[in-house]
Amino acid sequence: MVSISSATDIATRTTPLSESVVHPAAARRFAVVLLSGGLDSTTVAAVAKSQGHELLAVTVHYGQTHRREVLAAKAVAQALGVEQRIVDVSFFRDLAWYSALTHPDRFTLPSDRATQQMDADIPITYVPLRNTFFLTLGAALLESQALHAIEVEGTLPEHVQATLFIAANAIDYSGYPDCRPEFYTTAAETLRLGSKLGTQYGIPFGIETPLIALSKADIVRLALAHNAPLAHTWSCYAGGELPCGRCDSCLLRAKGFAEAGIPDPARL
């Protein structure tokens with residue numbers, strides 16, 4: 001997991017550190033989880049909910065071919081009892097056009113690849129700077145929640161926490177650069193430096209990546225331990241009514257459930 005708090009965070013606090021003790025009864029623990037509707041993000045949403053945050057889920061329709069996942073995310077949020085914001089930024093597909101997920105008419109979706117092939121390079125399913133964009137969207141909502149608590153509701157800054165949850169994974173994945181730990185370490189500091197919350201109130205953005213070092217099988221086990229509603233999830237990159245079973249995402253999902261020795265509830 002990545003949660004950044006540097007020496008500069010202390011330097012920019014508006015109150016002495018000795019007075020910045022967070023009392024559990026008074027703390028406002030705001031959190032936003034980026035919820036795509038897949039196995040990984042559903043697991044992270046269930047984990048975040050179990051930790052008692054004031055949690056909002058953000059689902060992004062960015063013009064992806066597999067829009068079925070947006071419907072899955074809605075079902076997951078309802079099953080978890082988490083308030084959800086569905087954001088339509090479908091214009092993004094015209095900016096991040098070099099991807100099979102935004103322009104399958106121009107680029108062929110990889111299929112039937114072995115894990116070794118997935119590890120070899122960054123595939124055409126990578127969407128340019130997608131997670132960077134998603135983090136910014138989630139952080140904007142998160143900062144708005146925190147600033148309202150401070151400036152309108154009168155919550156003391158030292159009683160406010162702000163955390164982004166994202167389902168990045170650097171083990172069983174397709175080699176995306178924006179799923180690696182070093183990206184999130186840097187992103188947390190960038191958000192702090194570019195926000196009112198960080199520069200005026202000394203409150204860092206925590207970025208929690210609870211799946212970053214887990215295998216797909218371990219993710220499945222974690223999901224079950226937190227009662228994640230896996231039957232509602234959708235992982236397939238193809239845009240059909242049923243999972244294709246051949247794209248990288250389908251294959252990694254199947255591998256996870258097989259290695260965990262658990263049937264996939266979305267296929268029952």
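Identify all lysines with a Cα-Cα distance to K49 below 17 Å; exclude those on the same chain that are fewer than 8 residues away in sequence.
Excluding near neighbours in sequence, the set is K74.
Quick one: net charge around R28, please, counting Lys, Arg +1 and Asp, Glu -1 for every other residue with C-beta under 12 Å from its C-beta. Show your work: numbers first, answer last.
Details: positive: R29; negative: E54, E153, E158.
Surrounding charge for R28 is -2.
Could you tell me which residue out of I203, S41, A231 lies farthest along the dipole of segment 24-262 toward its positive end? Charges go on the beta carbon: Lys and Arg +1, Asp and Glu -1, centred on the Cα centre.
Projecting each Cα onto the dipole axis, the largest value belongs to A231.
Which ³J(HN,Hα) values in Hz, rounded to whole numbers, follow from the phi angles of segment 151-156 under the Karplus curve 6.51 cos²θ - 1.76 cosθ + 1.60, where θ = phi - 60° and Gly and Pro get x?
Those phi angles translate into 8, 10, 8, x, 6, 5 Hz.
With a cap of 15 neighbouring Cβ atoms within 10 Å, and only residues DSSP puts in a loop, list the trypsin sites (Lys or Arg not before Pro) found in segment 92-192.
Details: sites: R93, R106, R113, R130, R192; in loops: R106, R113.
Taking segment 92-192 and a limit of 15 other Cβ atoms within 10 Å, the loop trypsin sites (Lys or Arg not before Pro) found are R106.
Note the angle between two axes, namely the Cα long axis of helix 68-80 and the longest principal axis of the Cα atoms of the chain, as a number of degrees from 0 to 90, rounded to the nearest 10.
Approximately 50 degrees, to the nearest ten.
Please work out the C-alpha center-to-center distance from segment 94-164 to segment 224-247 and express it in whole Å.
19
Please arrange H159, H61 by how many other C-beta atoms lie within 10 Å of their C-beta, fewest to most.
So the residues, fewest neighbours to most, are H61, H159.
Residues with beta-carbon under 10 Å from that of Y173, excluding Y173: net charge, scoring Lys, Arg +1 and Asp, Glu -1? Write out the running numbers ahead of the final one.
Numbers: positive: R180, K216; negative: D40, D119, D172, D248.
Local net charge: -2.
Could you compute the FRET efficiency for T199 and I86, with r as their C-beta to C-beta distance and R0 at 35 Å, rounded to 0.05?
Numbers: r = 30 Å, r/R0 = 0.86.
After rounding to 0.05, the efficiency reads 0.70.
Only loop residues by DSSP count here, and only those with at most 13 other Cβ atoms within 10 Å; note down the GluC sites (Glu not before Pro) in segment 96-164 that meet that. List each step's numbers first, then the result.
Working: sites: E143, E151, E153, E158; in loops: E153.
Those satisfying the criteria are E153.
Compute the signed sum of charges (Lys and Arg +1, Asp and Glu -1) over the other residues within less than 11 Å, Cβ to Cβ, of L211.
Working: positive: K216; negative: D40, D172, E208, D218.
Within the 11 Å Cβ shell, the charges total -3.
State to the nearest 20 debye the size of the charge dipole of the chain about its Cα centre, where the only charges are +1 on K and R beta carbons and -1 on D and E beta carbons. Write down the numbers at each step before the final one.
Working: 21 positive and 26 negative charges, 86 e Å.
The dipole of the chain has a size of about 420 debye.
With labels modelled as points extended 7 Å from the Cα through the Cβ direction, what inter-label distance (nm, one decimal) is found for W97 paired with I262?
About 4.2 nm separates the two model spin labels.
Give me the number: length gained by fully extending E54 to D105, i.e. 0.36 nm times residue separation minus the C-alpha to C-alpha distance, one decimal in nm. Intermediate values should be presented prior to the final figure.
Details: separation 51, 0.36 × 51 = 18.36 nm, distance 4.08 nm.
This chain segment gains 14.3 nm when fully extended.
Which FRET efficiency value, to the nearest 0.05, is calculated for T186 and I122 with the Förster distance at 25 angstrom and r the Cβ-Cβ distance?
Numbers: r = 18 Å, r/R0 = 0.72.
With R0 = 25 Å, the Cβ-Cβ based efficiency is 0.85.
Which angle from 0 to 90°, rounded to the nearest 10, does the C-alpha axis of helix 248-260 make with the longest principal axis of the chain?
Roughly 80 degrees between the two axes.
Considering amide H positions built from the backbone, and no H for Pro or chain starts, which residues 5 or more places from Q84, or on another chain, come under 5 Å of its amide H?
Amide H neighbours of Q84: A57.
Farthest toward the dipole's positive end in the chain, which of A77, N169, H53, given Cβ charges of +1 (Lys, Arg) and -1 (Asp, Glu) about the Cα centre?
A77
What size of dipole, in debye to the nearest 20, comes out for segment 106-164 about its Cα centre when the only charges are +1 on Lys and Arg C-beta atoms and -1 on Asp and Glu C-beta atoms? Can you show the working numbers first?
On the way: 3 positive and 7 negative charges, 78 e Å.
Charge dipole, segment 106-164, about its Cα centre: 380 debye, nearest 20.
Coordinate-derived values only; no laboratory data. On a predicted model such as this, the values are computed, not experimentally measured, just so you know. Cβ coordinates were reconstructed from backbone atoms using ideal geometry, including for glycine residues, and neighbour counts include every protein chain displayed.
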